[in-house]
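Asks: Got a structure for you, questions after.
Any read-out appearing in this document is the output of simple, stated calculations on the displayed coordinates, not a laboratory observation. A quick note: this is a predicted structure, and the numbers were derived from the prediction, not measured. Methodologically, a virtual Cβ is constructed for each residue, glycine included, from the backbone with ideal geometry; neighbour enumeration extends over all protein chains shown.
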Amino acid sequence: MKVLDPPDDLHSRSLPIETLGVDIVLFRIHRTAMNPKYFGTSAEWRFDAPDRSFGTLYAAKEPELAFAETLLRGPGSLVAQAELEIRSLCQFGLTRQLRLVCLYGPAMSRLGATAAVTSGAYAISQRWSKAFHSHPDAPDGILYRATHDNDKIAVTIFDRAQDGIDGGATVPLLSDPKLLGRILDHYSASLL
């Protein structure tokens, strides 16, 4: 076992599960040309399956966090206008409760995890994601501290929980200047 791998006995432990109720709304920023309810299998992102055996959808409980995790990726707080023009904000409603692994706070110690799992190399995160996905508790996904705003909790949903979110309501990101302004102000971000 590598130091940052899930413990060998993880499958014999109960996972710390947090439930999101149907009153929760989730947000996702996506390319307008793409379906917002997309469970990627590219093995390129933090909690993707390293062997592409399942898909993941990344979301947030606030539009601000969805923005930060999608568009605030470079140094400083500059966002290209062209990136905003090709993206939309989707709001998903939950159609049932989602059972998600709590991968932050005291639960980290219980799991034998460190912050490297949620903010280190993607290969580490992906091994943990695969271990959670194959765990007998069969969680619907993962809750974790966001990389680009670690005051907030981000959400990864496994494709087996596709029925847990509706089709979403999507609007172009530039269609709500008031919301966009609030988000840019929140992160002291500027447009290029």
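Asks: Using only the Cα atoms, what convex hull volume per residue in Å³ does the chain have?
Replies: 116
Asks: Peptides 110-118, 15-23: what's the order by average Cβ count within 10 Å, highest mean first?
Replies: 110-118, 15-23
Asks: What is the extension gain from His186 to Arg73, computed as 0.36 nm multiplied by their sequence separation minus the C-alpha to C-alpha distance, in nm to one decimal?
Replies: The His186-Arg73 span can extend by a further 39.1 nm.
Asks: Suppose the chain between Ser14 and Asp176 were pulled fully straight at 0.36 nm per residue; how much longer would it get relative to their current alpha carbon spacing?
Replies: Here the answer is 54.0 nm.
Asks: Among the lysines in the chain, how many pairs, 8 or more places apart or on different chains, have alpha carbons under 20 Å apart?
Replies: Total qualifying Lys-Lys pairs in the chain comes to 4.
Asks: Each label point is 7 Å from the Cα along the Cα-to-Cβ direction; what then is the distance between the points at Glu85 and Ala115, in nm?
Replies: 3.9
Asks: In the chain, if the dipole is taken from +1 on Lys/Arg beta carbons and -1 on Asp/Glu beta carbons about the Cα centre, which of Ser190, Ala154, Leu179 is farthest to the positive end?
Replies: Working it through, the farthest residue towards the positive pole turns out to be Ala154.
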